[in-house]
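Reading through the structure tokens given below for one structure.
The values are calculated or read from the model by the stated rules, or taken from the named source; none is laboratory data. All values reported here derive from a predicted model rather than from experimental measurement. As a convention, Cβ positions derive from the backbone with ideal geometry for all residues, glycine included, and neighbour counts pool all protein chains shown. Ligands, DNA and RNA are stripped out before the accessible areas are found, and what is left, the full protein with its side chains, is counted by its heavy atoms. Shrake-Rupley method; radii C 1.70, N 1.55, O 1.52, S 1.80 Å.
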Amino acid sequence: MSGGYLSLTEADRSEMLAAIGVESIDALFEQIPSGVRFDGELDVPPALSELELVNHMTELAGRNAHNGVELSFLGAGIYDHYVPALVDVLLSRGEFLTAYTPYQPEMSQGVLQAIFEYQTVICELTGMDVSNASGYDGTTVAADACFVAKHSSDRTKVVLADTLNPQVRQVVKTYAPGFGLDVVEIPHRGGTIDPEELGAAASDAAAVFFQQPNFLGCLEPAPDLAEAASEAGAHPIAHVDLMSLGVLEAPGEYGCAMAVGDGQSAGCPPLYGGPHYGFFAARQDFVRRMPGRIVGETVDADGRRAYVLTLQTREQHIRREKATSNITTNQTLLAFAGLVTLSWLGPDGLREVGETCLALSQYARERIPLEPAFESASFKEVAFRTPIPARDVIARARERGVHPGYALGRDYEGMEDVLLVAVTERRTPADIDRLAEVLGEVCR
């Protein structure tokens with residue numbers, strides 16, 4: 001079989017060279033000084049035929065572990081929720097799969113309507129007034145939220161709860177120098193943030209950022225945190241999980257100024273950590289400072305309902321110093337997957353998923369023969385103390401076909417013996433029984 005992927009033959013190349021009046025391919029590069037040209041052979045393997053390449057890639061893929069071959073309780077920001085078959089069916093339609101930025105509304109009503117409905121769903125779930133068309137992921141929208149808070153305040157400090165996803169905190173810190181932000185972190189007390197301590201730290205802050213449920217698996221006293229931030233004159237911002245909002249209170253209901261997060265749990269498989277989509281919702285006060293783009297509803301020349309790009313705070317559209325985002329696109333296709341999933345579930349289905357997660361996390365507390373690391377209530381993740389380092393527990397359990405969770409010692413000093421176990425509606429009581437059995441064996 002042929003080893004190439006280009007359909008060009010030597011005859012084709014000769015014909016093209018003749019058409020442009022050049023004798024050889026080398027002649028195309030004669031103006032490049034010989035001293036900077038590479039004349040040797042590249043140290044790369046020879047080309048494979050299509051059949052050989054498929055076999056090679058299949059062998060490589062076989063080395064990977066996935067939820068089909070390993071019983072996984074790994075979470076820590078990426079979750080194995082069920083993605084309905086309808087998602088792939090709709091996402092594979094050409095008008096969604098290949099659609100570019102819908103600059104021409106007369107040609108893009110379908111995509112624009114889908115984005116508008118996505119924004120509506122996000123607002124309904126978060127209790128906010130306005131949502132953008134999505135962001136890259138849950139980390140970049142968090143940094144953007146801090147920037148928006150700074151621009152709507154005369155303060156530059158941002159207070160981060162250390163129970164925020166470590167990747168979120170790291171991205172905020174990375175953006176901070178360019179945004180002119182001073183970042184302060186406050187430690188947890190027994191797995192959650194103390195409202196009084198947060199309020200004291202927020203006295204001169206533009207924003208206070210916390211996560212609900214937090215990265216340690218605990219439910220924060222979110223209304224108290226938001227109240228403490230507001231009383232200090234800071235904007236409370238919640239990083240939330242969409243799949244929790246069928247049973248947990250919406251951040252807009254307990255006084256948050258903005259709600260952001262990673263939408264992966266709604267509509268996206270783990271995908272080895274990405275790509276996913278971020279969501280950003282806020283009160284109406286921030287609509288002209290929100291990053292990305294917002295789709296709005298209007299009427300056309302004949303009075304019919306229509307959708308258009310309404311606001312775009314991207315630096316390629318407005319003066320750079322007035323822009324609130326330098327990311328030049330969003331994750332429309334994946335956000336559409338979120339819309340399809342959440343619409344498929346509906347309010348009752350989303351509540352059932354949440355109730356299932358709550359019940360399974362409680363069952364895990366009862367069945368797993370380890371002591372919970374924190375007393376606080378949880379949603380779908382529970383942290384357990386292990387008698388040996390958690391990383392050793394994970395390695396031993398995986399030898400038995402079970403991935404038991406995430407080693408919190410990777411991110412938190414003094415937690416080398418803490419294992420974070422995630423349970424979604426895809427896990428069953430029997431799965432948890434199997435996990436309990438394996439942990440009992442490897443922790444002896």
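Compute the FRET efficiency between Glu297 and Glu253 as 1/(1 + (r/R0)^6), taking r as their Cβ-Cβ distance and R0 = 35 Å, and round to the nearest 0.05. Given R0 = 35 Å and the Cβ-Cβ separation, E is 0.90.
Each 5 Å bin from 0 upward holds the following percent of the Cα-Cα pairs of the range 187-230: 5, 26, 35, 23, 10, 2.
Using the empirical formula 2.2 N^0.38 Å as the baseline, the Cα radius of gyration of the chain reaches a ratio of 1.15. Restricting the range 44-113 to chymotrypsin sites (Phe, Trp or Tyr not before Pro) that sit in a DSSP loop and have at most 15 other Cβ atoms within 10 Å of their own Cβ leaves Tyr82, Tyr100, Tyr103.
Only Cα pairs under 8 Å and 6+ residues apart enter the sum, and on that basis the relative contact order of the chain stands at 19 percent. For the range 28-92 versus the range 140-203, the spacing of their alpha-carbon centroids is 36 Å. Take the Cα of Phe38, step 7 Å toward its Cβ, do the same at Asp26, and the gap between the two points is 1.9 nm. Extension gain for Asp154-Ala85 works out to 20.0 nm (0.36 nm per residue, less the C-alpha to C-alpha distance). Comparing Ala397, Ala18, Ala377 in a Gaussian network model of the chain, where Cα atoms under 10 Å apart are tied by springs, the biggest mean-square fluctuation is seen for Ala18. Computed on the range 53-191, with alpha-carbon pairs under 8 angstrom and 6+ residues apart, the relative contact order is 16 percent.
Estimated at the nearest 10 Å², the accessible area of Ser34 is 90 Å² with a 1.4 Å probe.
If the segment from Arg13 to Leu48 were pulled out straight at 0.36 nm per residue, it would be longer than the present Cα-Cα gap by 10.5 nm. Residues considered: Thr310, Thr356, Thr428. Largest GNM mean-square fluctuation over the chain, using C-alpha springs under 10 Å, is found at Thr310.
Full extension of the chain between Leu219 and Thr174 gives 13.5 nm of extra length, using 0.36 nm per residue less the Cα-Cα distance.
With protein chains left intact and a 1.4 Å probe, residues in the chain average 49 Å² of accessible area per residue. Placing dummy labels 7 Å off each Cα toward the beta-carbon, the span from Glu441 to Glu355 is 3.5 nm. Residues Met57, Met243, ordered by accessible area of protein heavy atoms at a 1.4 angstrom probe radius and largest first, appear as Met57, Met243.
Extending 7 Å from the Cα toward the beta-carbon at both Glu416 and Arg367 defines two label points whose distance is 3.1 nm.
The relative contact order of the range 1-119, computed from alpha carbon pairs under 8 Å that lie at least 6 residues apart in sequence, is 20 percent. Charged neighbours of Asp431, selected by a Cβ distance under 14 Å, balance to +1 (K, R count +1; D, E count -1). Sparse packing (at most 11 other Cβ atoms within 10 Å of the Cβ) combined with a DSSP loop state is found for none of the trypsin sites (Lys or Arg not before Pro) in the range 329-436. Given a 10 angstrom Cα cut-off, can you work out which residue in Pro213, Pro105, Pro275 is the most mobile in a GNM of the chain? Of Pro213, Pro105, Pro275, the most mobile in the Gaussian network model is Pro105.
Taking every full run of DSSP H in the chain, the ones that stretch at least 30 Å from end to end by Cα along their long axis and average 0.0 or higher on the Kyte-Doolittle scale are 332-367.
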